[in-house]
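This report concerns only the one structure given below.
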Amino acid sequence: MIRSITRQKPAEEIERLLDGMGRIFIIGCGTCVTLTRTGGLPEVEAMKKSLSEKGKVVTGTTVVPVACDNLTGEILGEVENQIKQADALLIMTCAYGVQTIARQMKKMVIPALDTLFIGKETGAGEFNEVCSQCGTCIIGETGGICPVTACHKGLVNGPCGGTNNGKCEIDNTKDCAWTMIYNRLSELGRLDAMRKYQKPRNHLGEPSPGKFAIPAE
Amino acid sequence: MPSAFKKALDSGKFIITCEAAPGKGTNLEKMKHHIELLKDKVDGMNVTDHQSSVMRYPSLGGAILVKEMGGEPILQMTCRDRNRMALQADLLFASSRGVHNVLCLTGDSVMLGDHKEAKPVFDLDSSQLVAAVRTLEKGRDMAGNELDGGVRFCAGAIVTPEANPIEPQLIKFEKKLEAGAEFIQTQAVYDMENFKKFMEYARQFPVKILAGIILLTSAPMARFMNKNVAGVTVPQDLIDEMASAPKGGALNKGIEIAGRMIRQIKEENICDGVHVMAIGKEEKVVDIMAAAGL
C-alpha cells in the first residue's frame, strides 16, 4: 500500500497562517494521516484544544473518510453551518486533501501539515519514498530499485563518494541506494547492468504539471 | 596542444598537485599568496568548487587567477549547482581563458553546507560530466549542435579507495575511465597497505592515479574525519602519533606524516603522484614537500 506521508507544520507557522482569523473549522482525514498519526481524530482534537487555548473559536471539527475523494464536498455539506461560521478551514490532511477541499468549498484553506512524499509501507509503521514519478523509469536496469528516488542526488551511474558503510552522507539512517542496487544485482548475477553507462536523464519525461486523460473509446 | 599538467602526467615524472581554495568574498589575497608560493613548485593547482557545499568565490574565477599568475590550474567542477547547460557554458568559458584541466566531481550534498535550503541540481553525474567534456572536444554540445570554436581539456575524476563497500565504487571508477578520464585523484589515503591493494587493481587501467594526502593538523581533527568524512580512515597508530606530538607541535607532526607518506609512495612507486590537500594551510605544502624530500 502507498500512503501520502505528512508532518505537522510548526505551531508558529500555523499561528502565522491563522493570523487575523478568529473562527476556525478543523478537518482531518480517516486514511493516510490517521495511519501516520498526523491528522486523525486524536490529532484533530489536540489541535482544537491548542487553538482554543490560543483564543481561537473552533466552530467545529470533522474527520472525513478520504479527503482526496471527490465525495468529500458532499460529506462536508453535513457540517455546512459550522463551516459557514468559520473564517478559514484548518486542514489536517495531505495536500491532495487540502486541494480537493479548496476546489469544493468557497473558503480559505490553511494546511496544518506538510506533505513529504508518497511512501511505500516497507515495514510495520515504516514508510519509504521509492518512486518520484519522474516519467522515465530506469529500474529495469537497477534490479527494481530506483536510484532517481532512493539516491539523495538521483545519481544513475553508481554511488558518490559520500556513501558510508551502506548509508547516505546526509543521514546514516538512510540506505545508500547504490549499495542496495549493487547487492540486489549481485544476488541476481546481473552486475553487468550496473556496469552499463547511463546517459544523462531526460528530466522532463512528463513536464510539470503532469496531466493525463483516459482516451475516449 | 596538451596542457602543461597533461604533459607532466605523460612525462612519467612523479606528479604533485595541491589546492588553491577561493574564500568567501572578493578578497583574493590569501589565495594569491598561496598561488605565488606554490605555482612553480607543483604540477597543477586544483581550484575547489564551493568546497563542502559552502558558497564561495567561484572555482572558475580562481582557476583564471591561477592562470593569470602563471600557474597551472585544474578546475574542479561539481554537478551540484549547475545543470548541463551551465556546466557546458562554463567549460567553454574555461577553455577560452586558458584553463585546460578539469576535475569532474559529483559534489557534496547541499545539506552539508551553508545554504541548506538551496535546490540541488545533479542534472549530470560525474561520469556524465567527463563524457560531456569529451563531447565538447569533438566540436559538438550535448544536444549534438555544432560549436563555433572548440575546447580542449585534460579531464580527471576522483575515487574513494577506502569506500565501504568498495565494489560499487570500483564500478563507478571504471565508468569514469570509459567516459574518458585521463587522471584520477583519490580521496585521502592513510593506510598504505590498503592503498597498495587498490593500486594492484587500478594498475590494470591506462590512467594516472594521484593519491590524496590530507594534512593532519591534530589528533582530534583525525578523529573528526574518521567520524564525519565518508571514505576516510585514519588508522589508530597515526592518531596516536599525532597525539604524541609535544604541545604546539601537532601541525609539524602532521607535516612529517604527510611527507613520510609521499616519500613512501614515490620510493615504492605505488602510484603516479600525489594530490596534497592542506585545507586552509596551503602554505604548509612547501614544508610537506621538503619533508617528502621533493
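Throughout, read-outs are computed from the coordinates displayed, never taken from laboratory work. Quantities reported herein were computed from a predicted structural model and do not represent experimental measurements. Note that each Cβ is placed from the backbone with ideal geometry, even for glycine, and that neighbours are counted across all protein chains shown.
Side notes on the structure shown:
- DSSP assigns beta bridges within the protein assembly as shown; of those with both partners inside it, close to 25 percent run antiparallel.
- If the chain linking residue B:36 and residue B:244 were pulled fully straight, counting 0.36 nm for each residue of separation and taking away their Cα-Cα distance, it would gain 71.5 nm.
- In region A:130-195, Cα pairs under 8 Å separated by at least six residues give a relative contact order of 30 percent.
- Ranked A:66, B:285, criterion: other C-beta atoms within 10 Å, fewest first: A:66, B:285
- Karplus (6.51, -1.76, 1.60) ³J(HN,Hα), θ = phi - 60°, over region B:183-200, in Hz, Gly and Pro reported as x: 9, 10, 9, 9, 4, 3, 10, 10, 9, 5, 5, 4, 5, 4, 5, 4, 5, 4
- Residues B:56, A:103, arranged from fewest to most other Cβ atoms within 10 angstrom of their Cβ, appear as A:103, B:56.
- Of the two radii for the protein assembly as shown, the radius of gyration is 1.07 times the Kirkwood radius, both from the alpha carbons; that is the Rg over Rh value.
- Once both labels are positioned 7 Å from their Cα atoms along Cα-to-Cβ, the gap between residue A:174 and residue A:21 label points is 3.1 nm.
- Extension reserve of the residue B:114-residue B:260 stretch, reckoned as 0.36 nm per residue once the Cα distance is removed: 49.1 nm
- For chain B, a Gaussian network of Cα nodes joined below 10 Å ranks B:229, B:189, B:276 by mean-square fluctuation, and the top entry is B:229.
- Dipole size of the protein assembly as shown about its Cα centre, with +1 on Lys/Arg Cβ and -1 on Asp/Glu Cβ: approximately 400 debye, rounded to the nearest 20.
- C-alpha center-to-center spacing [region B:106-120, region A:1-58] in angstrom: 31
- Beta bridge orientation in region A:2-116: antiparallel %, DSSP, nearest 5: 15
- Rounded, prolate or oblate (a/c below 1.5 giving rounded, otherwise prolate when a/b exceeds b/c) for chain A by Cα gyration tensor: prolate
- Label point distance in nm, residue B:196-residue A:82, each placed 7 Å from Cα along Cα→Cβ: 7.7
- Relative contact order of chain A, taken over Cα pairs closer than 8 Å and 6 or more residues apart, is 18 percent.
- Potential lengthening of the chain between residue A:46 and residue A:2 amounts to 13.2 nm, from the contour at 0.36 nm per residue minus the alpha-carbon distance.
- Relative exposure of B:146, A:78, judged by other C-beta atoms within 10 Å (fewest first): B:146, A:78
- Ellipticity estimate at 222 nm from DSSP helix runs (n ≥ 4, -39,500 (n - 2.57)) divided over the protein assembly as shown, nearest 500: -10000 deg cm²/dmol
- Pairs from the list A:174/B:119; A:174/B:175; A:167/B:41; B:138/B:266; A:174/A:199; A:120/A:211 with a Cα-Cα gap above 30 Å: A:167/B:41; B:138/B:266.
- Spin-label pair residue A:74/residue B:252, simplified geometry with 7 Å Cα→Cβ offset, distance in nm: 8.6
- Relative contact order [Cα under 8 Å, 6+ residues apart], region A:2-116, whole percent: 35
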